[in-house]
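The values are calculated or read from the model by the stated rules, or taken from the named source; none is laboratory data. A quick note: this is a predicted structure, and the numbers were derived from the prediction, not measured. Positions of Cβ are backbone-derived with ideal geometry, glycine not excepted, and every protein chain shown enters the neighbour counts. Side chains included, ligands, DNA and RNA excluded: accessible areas come from the protein's heavy atoms. Shrake-Rupley method; radii C 1.70, N 1.55, O 1.52, S 1.80 Å.
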Amino acid sequence: MVKIDGKVAIVTGGSRGIGSAIAKELAAHGVKVVINYNSSSVAAEAVVKEIEQAGGTAFASQADVADPAQARVLVEETINKFGQLDILVNNAGITRDRTFRKITEEDWNSVIDTNLSSVYNTTAAGLEHIQKSDAGRIINISSIIGQAGGFGQTNYAAAKAGMIGFTKSLALELARGTTTVNAICPGFIDTEMVQAIPDNVREQIVAKIPKRRFGTPEEIARGVLFLCRDGEYITGQQLNINGGMYM
């Protein structure tokens, strides 16, 4: 088990849902967490307050990580604040679901930029610092949709599948050092995105999940914690947390 108390993590898209749960889980184990957000400042500050009230350390940093310059500023702020960067969790993501005939160029570009190009942007900005750590971790939050596809989600599936390919290739390049690179592929998780699905459709989805329920953000967060603490010999992998929906 690697000692992560005192390590520093950036969690992109950390103000709500899975990102918020990851930030809280890491902070509960002594990690200093930078909660990145794009527009949800109130939500991000609420997560910071909750972490601090529990005795942890966190601060919120606004940056659109789809923009390379803003991703660099995010990393610079982290180094200026804490002097190091050990863990990068690439969680920022959006959906623009439409069938391919109806998808627009803007729908495509916005999802690819936010979900996939952001992974390059933050990793490129932070890798030099992460590699200095004795427990460097890059964890990309992909999706079951990147593995199995999804109706009306060609843009989202392409981005999430791209994250998996990125993960495998970078893991190979960094394998001789102490930095690991892995992906977590959640199934259907009970977040705002899933809660917005009509009840009848939710029932149909649950019926296809062997565990017969949606996952929780906290279950994904525990997967991140596992890779950070116990994953020194795990790299280039996809950790599937999906209730058995895709094997």
Within the range 129-141, is there a residue that is touching a helix residue (DSSP H, G or I) at 6+ places or on another chain (Cβ under 8 Å) and acidic (Asp, Glu)? no
Quick check on Met245: is it within 17 Å of Gly93 (Cβ to Cβ), open to solvent by 20 Å² or more (accessible area, probe 1.4 Å) and over 13 Å from the mean Cα position of the chain (by Cα)? no
Mind checking which pairs have a first residue in the range 143-166 that is on the phi > 0 side of the Ramachandran plot and a second that is open to solvent by 40 Å² or more (accessible area, probe 1.4 Å), Cβ under 7 Å, 6 or more apart or different chains? Gly152/Asp97; Gly152/Arg98; Gly152/Thr99
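Would you check if there is a residue in the range 70-88 being under 27 Å from Val194 (Cα atoms) and surrounded by 17 or more Cβ atoms within 10 Å (Cβ to Cβ)?
Scanning the range 70-88 turns up at least one residue that is under 27 Å from Val194 (Cα atoms) and surrounded by 17 or more Cβ atoms within 10 Å (Cβ to Cβ).
Against the definition (in contact with a helix residue (DSSP H, G or I) (Cβ under 9 Å, 6 or more places away or on another chain) and open to solvent by 50 Å² or more (accessible area, probe 1.4 Å)), how does Met193 come out, yes or no? Steps first, answer last, please.
Details: in contact with a helix residue (DSSP H, G or I) (Cβ under 9 Å, 6 or more places away or on another chain): yes; open to solvent by 50 Å² or more (accessible area, probe 1.4 Å): yes.
Here the answer is yes, as Met193 does meet what is asked.
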Please list, ordered by first then second residue, the pairs with beta carbon atoms under 7 Å, 6 or more apart or interchain, first in the range 50-63 and in a loop (DSSP other than H, G, I, E, B), second of a type in the set (Val, Ile, Thr) and surrounded by fewer than 20 Cβ atoms within 10 Å (Cβ to Cβ). Ala63/Val73
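Being hydrophobic (A, V, I, L, M, F, W, C) and closer than 28 Å to Gly126 by Cβ is the filter; apply it to the range 142-157 and report the residue that is surrounded by the fewest Cβ atoms within 10 Å (Cβ to Cβ).
Among them, the one singled out is Ala157.
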Those residues of the range 174-188 which are of a type in the set (A, V, I, L, M, F, W, C) and open to solvent by less than 10 Å² (accessible area, probe 1.4 Å), in sequence order: Val181, Ala183, Ile184, Cys185
Looking only at the range 177-235, which residues are of a type in the set (Gly, Ala, Ser) and touching a residue at least 60 places away in the same chain (Cβ under 8 Å)? Ala221, Gly231
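From the list Ser41, Ser61, which one is of a type in the set (Ser, Thr, Tyr) and over 23 Å from Gly136 (Cα atoms)? Steps first, please.
Values: Ser61 fails: over 23 Å from Gly136 (Cα atoms).
Checking each option against the conditions leaves just Ser41.
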Every listed condition ((1) surrounded by 13 or more Cβ atoms within 10 Å (Cβ to Cβ); (2) over 25 Å from His129 (Cα atoms); (3) aliphatic (A, V, I, L, M)) holds for Ala221 save (2)
Please find, within the range 123-141, the residue that is most open to solvent (accessible area, probe 1.4 Å) out of those that are at pLDDT 95 or above and of a type in the set (A, V, I, L, M). Ala124
For the range 97-119, pairs from a residue that is closer than 20 Å to Gly13 by Cβ and touching a residue at least 12 places away in the same chain (Cβ under 8 Å) to a residue that is among the acidic types (Asp, Glu) and not in a helix (DSSP H, G or I), with Cβ under 9 Å and 6 or more apart or across chains, are Asp107/Asp97; Asp113/Asp67; Thr114/Asp64; Ser118/Asp64; Ser118/Asp67
Within the range 5-45, residues surrounded by fewer than 22 Cβ atoms within 10 Å (Cβ to Cβ) and either out of contact with any Ser or Thr (no Cβ under 8 Å at 6 or more places or on another chain) or among the hydroxyl-bearing types (Ser, Thr, Tyr) (or both) come out as Asp5, Gly6, Glu25, Ala28, His29, Gly30, Asn38, Ser39, Ser40, Ser41, Val42, Glu45
Of Lys160, Lys168, which residue is under 26 Å from Met245 (Cβ atoms) and open to solvent by 40 Å² or more (accessible area, probe 1.4 Å)? Lys168
